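Visitor: Quick one: the structure is below, and I'll ask about it shortly.
The values are calculated or read from the model by the stated rules, or taken from the named source; none is laboratory data. What you see is a predicted model; the values in this text were computed from it and never measured. Heads up, the Cβs are rebuilt from the backbone with ideal geometry, glycines too, and the neighbour counts pull from every protein chain shown.
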Amino acid sequence: MAHNDDTMVWHGTTIITVRKGGKVVVAGDGQVSLGDTVIKHSAKKVRRIGSEGRVLAGFAGATADAFALFDRLEKKLEQYPGQLTRAAVELAKDWRTDRALRNLQAMMIVADEKVSLVVTGTGDVLEPEDGITAIGSGGNYALAAARALADTDSDAEQIARKAMAIAAQICVYTNDKVTVETLDAK
């Protein structure tokens, strides 16, 4: 989506989470594009959130919208400590019903030591069956690559990095400047 009624829009990213061998990894590329122009190569779209940094979060979509959602999720985590799923469901409810939040254009992957989730503005809170999920313009490429690598001897971080490298070779809105965050999983 390079142009929309002659106005430029921000586009694309790739975020993936892989859960394997007692680890959970969230990785994201660093490219920020405006239309067909790369604006920045090293944006940090993956971070630790929550009071102890025990939740990993990555976003795809509009940056300001994502930061607003990170802030809201952190408040939900304070309200429901140690309950990422509950906090994510409450965020999704607010996102869908609140007049201001409803217009936010972003998706999130969040993970803690127990669960990985995709949270969307349509009210979805989705948990992958195989511990691997991805979002963004290169998400399907990274997801396919990670699933193909899941049965190899590679660990979670190696799988995430290889999947991101493959997505960067295919998706023009994804680059190889990857941020990776890791937690011990249960």
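Visitor: So which residues in region 40-52 are out of contact with any Lys or Arg (no Cβ under 9 Å at 6 or more places or on another chain) and at pLDDT 90 or above?
Guide: First, the residues of region 40-52 that are out of contact with any Lys or Arg (no Cβ under 9 Å at 6 or more places or on another chain): 40, 44-47, 49-52.
Residues satisfying the conditions are 40, 44, 45, 46, 47, 49.
Visitor: For residue 163, are the conditions met, namely being buried (at least 16 other Cβ atoms within 10 Å of the Cβ), touching an Asp or Glu at 6+ places or on another chain (Cβ under 9 Å) and at negative phi? Please lay out each step first, then the result.
Guide: Details: buried (at least 16 other Cβ atoms within 10 Å of the Cβ): yes; touching an Asp or Glu at 6+ places or on another chain (Cβ under 9 Å): no; at negative phi: yes.
No, not satisfied.
Visitor: Okay, moving on. Give the residues of region 34-53 that are assigned to a loop (DSSP other than H, G, I, E, B), of a type in the set (D, E, K, R) and touching a strand residue (DSSP E or B) at 6+ places or on another chain (Cβ under 7 Å), sorted by residue number. Let's see the steps before the verdict.
Guide: Here is the first cut: in region 34-53, the ones assigned to a loop (DSSP other than H, G, I, E, B) are 35-36, 41-45, 50-53.
From what is left, the residues that are of a type in the set (D, E, K, R) are 36, 44-45, 52.
Within region 34-53, 44, 45 qualify.
Visitor: Right, something else. Tell me the residue from 68, 64 that is loosely packed, with under 15 Cβ neighbours inside 10 Å, more than 16 Å from residue 118 (Cβ to Cβ), aliphatic (A, V, I, L, M) and over 12 Å from the mean Cα position of the chain (by Cα), please. Break it down stepwise before answering.
Guide: Numbers: 68 fails: loosely packed, with under 15 Cβ neighbours inside 10 Å.
Every option except 64 fails the conditions.
Visitor: So, one more: Which residue pairs have Cβ atoms under 7 Å apart, sit 6 or more places apart or on different chains, and have a first residue in region 38-64 that is closer than 16 Å to residue 121 by Cβ and a second that is part of a loop (DSSP other than H, G, I, E, B) and of a type outside the set (Gly, Ala, Ser)?
Guide: Cβ pairs passing all conditions: 58/45; 59/45; 60/13; 61/105; 62/105.
Visitor: In this structure, does residue 46 turn out to be over 13 Å from the mean Cα position of the chain (by Cα) and either of a type in the set (Asp, Glu) or closer than 27 Å to residue 140 by Cβ (or both)?
Guide: Considered against the rule, which asks whether it is over 13 Å from the mean Cα position of the chain (by Cα) and either of a type in the set (Asp, Glu) or closer than 27 Å to residue 140 by Cβ (or both), residue 46 comes out as no.
Visitor: Hey, among 131, 123, 139, 82, which residue is buried (at least 23 other Cβ atoms within 10 Å of the Cβ), out of contact with any Asp or Glu (no Cβ under 8 Å at 6 or more places or on another chain) and either within 24 Å of residue 49 (Cβ to Cβ) or among the aromatic types (Phe, Trp, Tyr) (or both)? Don't jump to the end; show me each part of the working.
Guide: Numbers: 131 fails: buried (at least 23 other Cβ atoms within 10 Å of the Cβ); 123 fails: buried (at least 23 other Cβ atoms within 10 Å of the Cβ); 82 fails: buried (at least 23 other Cβ atoms within 10 Å of the Cβ).
None of the other options fit; the residue is 139.
Visitor: Let me ask something additional. Could you count how many residues in region 129-148 are free of Cβ contacts under 8 Å to residues at least 24 places away in the same chain and in contact with a helix residue (DSSP H, G or I) (Cβ under 9 Å, 6 or more places away or on another chain)? Reasoning before the result, please.
Guide: Restricting attention to region 129-148, the residues satisfying the condition of being free of Cβ contacts under 8 Å to residues at least 24 places away in the same chain are 129-130, 140, 144-145, 147-148.
With the extra rule that they be in contact with a helix residue (DSSP H, G or I) (Cβ under 9 Å, 6 or more places away or on another chain), the set shrinks to 130, 140, 144-145, 147-148.
Residues meeting the conditions: 6.
Visitor: Any idea which residue in region 85-118 is surrounded by the most Cβ atoms within 10 Å (Cβ to Cβ), counting only those that are of a type in the set (S, T, N, Q) and under 17 Å from residue 133 (Cβ atoms)? Outline the logic, then answer.
Guide: Step one: of region 85-118, the residues of a type in the set (S, T, N, Q) are 85, 97, 103, 105, 116.
Going one step further and asking which of them are under 17 Å from residue 133 (Cβ atoms), we end up with 85, 116.
Numbers: 85: 15, 116: 23.
If we take residues in region 85-118 being of a type in the set (S, T, N, Q) and under 17 Å from residue 133 (Cβ atoms), then 116 is surrounded by the most Cβ atoms within 10 Å (Cβ to Cβ).
Visitor: Looking at the structure I just gave you, is residue 147 of a type in the set (Lys, Arg), modelled with pLDDT of 95 or more and farther than 18 Å from residue 46 by Cβ?
Guide: Numbers: of a type in the set (Lys, Arg): yes; modelled with pLDDT of 95 or more: yes; farther than 18 Å from residue 46 by Cβ: yes.
It is true that residue 147 is of a type in the set (Lys, Arg), modelled with pLDDT of 95 or more and farther than 18 Å from residue 46 by Cβ.
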